[in-house]
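J.: I'd like to ask some things about the structure below.
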């Protein structure tokens, strides 16, 4: 088994000098506690590690958080802290008393709940970071890498930090996914790994968030959602697949989002664009989980299957989002579709410009694809450089305002 260098590690080391508390949220098994442990080795620091998966430790943290913090004195790392929200108020007291930078390292796998608790109790006192499954740069690249942006110089720099891949290689990356336990070689049977992952997620996280949930029905719900990645979300269709009502489907989808299993890409709109579709698009942070849930048994079958285009879009969108999360930076992400079926797969809004992105399962995308970007000229925010991200192996361009970018360079 190998440790895979995480892009977020330098940021944690930097923030540890300034903040008394650092909170890393993210889905189960994406490597939150492992990352903290390797940071500990990097800075030659020693601290106690306690997990609230331990029912005895959890019971004490909930019943008597003051005693818990006396027994587990800082510097301390508390894993799965969402199980004892009572701790946050007492951590705040310790910080207000002058707790040293780096006193409390916290992890948890219910991102929205944790961020809400942290913002209520520890506003201005905690650095909140979000960890996703491995990006392709973390799994296959080298050196440090900046967030993806649509500028020629920035993309050319990625040749030094990213590893080239053919179409077959990209679909192997998609099929393998980005879960550290599998990519690192700790677990070798992919089907057993993902089956166990789903069962653990439902037993621990979903059951915590939805009391009395039908676990088999919820698994069917995840599978139905996975079959619709890259599509404008049709909540009623997912509900009908599973045999639940729309309100239940909405609540369950919120649980997937709160658990960082999925992300929703919202539609771009402003006063000048009146005919836009209002529903978001659905993506999973780990494409290996999508391939497992939709029963694709090999990368080759996936590359030629009905889901091939949509799962490639899922991969590109979430890789771009991960590149920002891994640098602890913000960016506005959108997609565009109107009632005339004009569409832009993804829009990055940064530095006062809209950067349109088209994603194509093609080695030689047609130059006419850039024409779709013109729909954004009606927006009040100016259009900047755009990109067509595809399966071509080398960087190219249509013109000075539209790049053709290989998937391996995102």
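J.: Is it the case that some residue within the range 29-42 is over 20 Å from residue 132 (Cα atoms) and either crowded, with 20+ Cβ neighbours inside 10 Å or in contact with a helix residue (DSSP H, G or I) (Cβ under 7 Å, 6 or more places away or on another chain) (or both)?
T.: Yes: one or more hits.
J.: Could you pull out every one of the helices (runs of 4 or more DSSP H) wholly within the range 1-94 that has 2 or more residues that are within 22 Å of the chain's Cα centre (by Cα) and more than 28 Å from residue 196 (Cα to Cα)?
T.: Numbers: elements: 9-15, 32-42, 55-63, 65-71.
In the range 1-94, the matching helices (runs of 4 or more DSSP H) lie at 9-15.
J.: Can you confirm whether the range 191-213 contains a residue that is modelled with pLDDT of 95 or more and over 22 Å from residue 110 (Cα atoms)?
T.: Yes, there is a match, as at least one residue in the range 191-213 is modelled with pLDDT of 95 or more and over 22 Å from residue 110 (Cα atoms).
J.: Same structure, new question: Of all residues in the range 318-334, count the ones that are in contact with a strand residue (DSSP E or B) (Cβ under 8 Å, 6 or more places away or on another chain) and under 20 Å from residue 351 (Cβ atoms). Can you show your working first?
T.: To start, the set of residues in the range 318-334 that are in contact with a strand residue (DSSP E or B) (Cβ under 8 Å, 6 or more places away or on another chain) comprises 318, 320-321, 325, 328, 331-334.
Then keep just the ones that are under 20 Å from residue 351 (Cβ atoms); that gives 320-321, 325, 328, 331-334.
Residues in the range 318-334 being in contact with a strand residue (DSSP E or B) (Cβ under 8 Å, 6 or more places away or on another chain) and under 20 Å from residue 351 (Cβ atoms): 8 in total.
J.: Any residue at all in the range 263-272 that is within 21 Å of residue 322 (Cβ to Cβ), surrounded by fewer than 19 Cβ atoms within 10 Å (Cβ to Cβ), within 24 Å of the chain's Cα centre (by Cα) and modelled with pLDDT of 95 or more?
T.: Initial filter on the range 263-272 (within 21 Å of residue 322 (Cβ to Cβ)): 263-266, 268.
Within this subset, residues satisfying the condition of being surrounded by fewer than 19 Cβ atoms within 10 Å (Cβ to Cβ) are 264, 266.
Retained after the next criterion (residues that are within 24 Å of the chain's Cα centre (by Cα)): 264, 266.
Then keep just the ones that are modelled with pLDDT of 95 or more; that gives 264, 266.
Looking through the range 263-272, at least one residue is within 21 Å of residue 322 (Cβ to Cβ), surrounded by fewer than 19 Cβ atoms within 10 Å (Cβ to Cβ), within 24 Å of the chain's Cα centre (by Cα) and modelled with pLDDT of 95 or more.
J.: Another question, if that's okay. Where residues in the range 142-157 are in contact with a strand residue (DSSP E or B) (Cβ under 9 Å, 6 or more places away or on another chain) and closer than 17 Å to residue 7 by Cα, which of them is surrounded by the most Cβ atoms within 10 Å (Cβ to Cβ)? Full working, then the answer.
T.: At the first step, the residues of the range 142-157 found to be in contact with a strand residue (DSSP E or B) (Cβ under 9 Å, 6 or more places away or on another chain) are 148-152, 155.
Still in the list and also closer than 17 Å to residue 7 by Cα: 148-149.
Working: 148: 26, 149: 19.
Only one residue tops the list, namely 148.
J.: Here's something else I'd like to know. Would you confirm, using the coordinates I've provided, whether residue 257 is under 20 Å from residue 32 (Cβ atoms) and surrounded by 14 or more Cβ atoms within 10 Å (Cβ to Cβ)? Reasoning before the result, please.
T.: On the way: under 20 Å from residue 32 (Cβ atoms): yes; surrounded by 14 or more Cβ atoms within 10 Å (Cβ to Cβ): yes.
It is true that residue 257 is under 20 Å from residue 32 (Cβ atoms) and surrounded by 14 or more Cβ atoms within 10 Å (Cβ to Cβ).
J.: Filter the range 370-398 down to the residues that are part of a helix (DSSP H, G or I) and touching a residue at least 24 places away in the same chain (Cβ under 8 Å), then identify the one that is surrounded by the fewest Cβ atoms within 10 Å (Cβ to Cβ). Let's see the steps before the verdict.
T.: Taking the range 370-398 and keeping what is part of a helix (DSSP H, G or I), we get 370-378.
Narrowing the set further to residues that are touching a residue at least 24 places away in the same chain (Cβ under 8 Å) leaves 370, 372-373, 375-376, 378.
Details: 370: 21, 372: 17, 373: 23, 375: 19, 376: 24, 378: 11.
Ranking the qualifying residues of the range 370-398, first place goes to 378.
J.: Within the range 313-359, count every residue that is touching a residue at least 40 places away in the same chain (Cβ under 8 Å) and either over 19 Å from residue 268 (Cβ atoms) or part of a loop (DSSP other than H, G, I, E, B) (or both).
T.: 12
J.: Oh, and also: Quick check on this structure: which one of 293, 289 is farther than 19 Å from residue 339 by Cβ and surrounded by 21 or more Cβ atoms within 10 Å (Cβ to Cβ)? Working first, answer last.
T.: Values: 293 fails: surrounded by 21 or more Cβ atoms within 10 Å (Cβ to Cβ).
From the options 293, 289, the qualifying one is 289.
J.: Quick check on my filter: what residues within the range 245-254 are assigned to a helix (DSSP H, G or I) and under 13 Å from residue 217 (Cβ atoms)?
T.: The first filter runs over the range 245-254 and keeps only residues assigned to a helix (DSSP H, G or I), leaving 246-254.
Listed by number, the residues that qualify are 248, 249, 251, 252.
J.: Let me ask something else about it. Checking residue 238 against (1) touching a helix residue (DSSP H, G or I) at 6+ places or on another chain (Cβ under 8 Å); (2) farther than 28 Å from residue 130 by Cβ: exactly one of these is not met. Which one?
T.: Checking residue 238 against (1) touching a helix residue (DSSP H, G or I) at 6+ places or on another chain (Cβ under 8 Å); (2) farther than 28 Å from residue 130 by Cβ, the one that fails is (2).
J.: May I pose another question? I'd like the residue in the range 273-312 that is at pLDDT 95 or above and in a strand (DSSP E or B) and, out of all such residues, is farthest from residue 346 (Cα to Cα).
T.: My answer is 284.
J.: Out of the range 59-85, which residues are within 19 Å of residue 110 (Cα to Cα) and surrounded by 19 or more Cβ atoms within 10 Å (Cβ to Cβ)?
T.: Answer for the range 59-85, where residues must be within 19 Å of residue 110 (Cα to Cα) and surrounded by 19 or more Cβ atoms within 10 Å (Cβ to Cβ): 61, 77, 78, 79, 80, 81, 82, 83, 84, 85.
J.: Further question: Inspect all residues belonging to the range 114-123 and state whether any of them is within 22 Å of residue 206 (Cα to Cα), exposed (fewer than 14 other Cβ atoms within 10 Å of the Cβ) and modelled with pLDDT under 95.
T.: Pass one, the range 114-123, residues within 22 Å of residue 206 (Cα to Cα): 114-118.
Filter once more, so that each one left must be exposed (fewer than 14 other Cβ atoms within 10 Å of the Cβ): 116.
If we keep only those that are modelled with pLDDT under 95 as well, we get 116.
Yes, that holds for at least one residue.
J.: Can residue 364 be described as touching a residue at least 12 places away in the same chain (Cβ under 8 Å) and buried (at least 17 other Cβ atoms within 10 Å of the Cβ)?
T.: No; evaluated as a whole, the condition is false for this residue.
J.: Please go through the range 214-244 and pick out each residue that is assigned to a loop (DSSP other than H, G, I, E, B) and free of Cβ contacts under 8 Å to residues at least 24 places away in the same chain. Show your work before the answer.
T.: Quick first cut of the range 214-244, residues assigned to a loop (DSSP other than H, G, I, E, B) only: 214, 227-231, 233-234, 243-244.
214 - this is the single residue of the range 214-244 that is assigned to a loop (DSSP other than H, G, I, E, B) and free of Cβ contacts under 8 Å to residues at least 24 places away in the same chain.
The values are calculated or read from the model by the stated rules, or taken from the named source; none is laboratory data. The model shown is predicted, which means the values in this text are computed figures rather than measured ones. Using ideal geometry, Cβ is built from the backbone for each residue, glycine included, and neighbour counts are taken over all protein chains shown.
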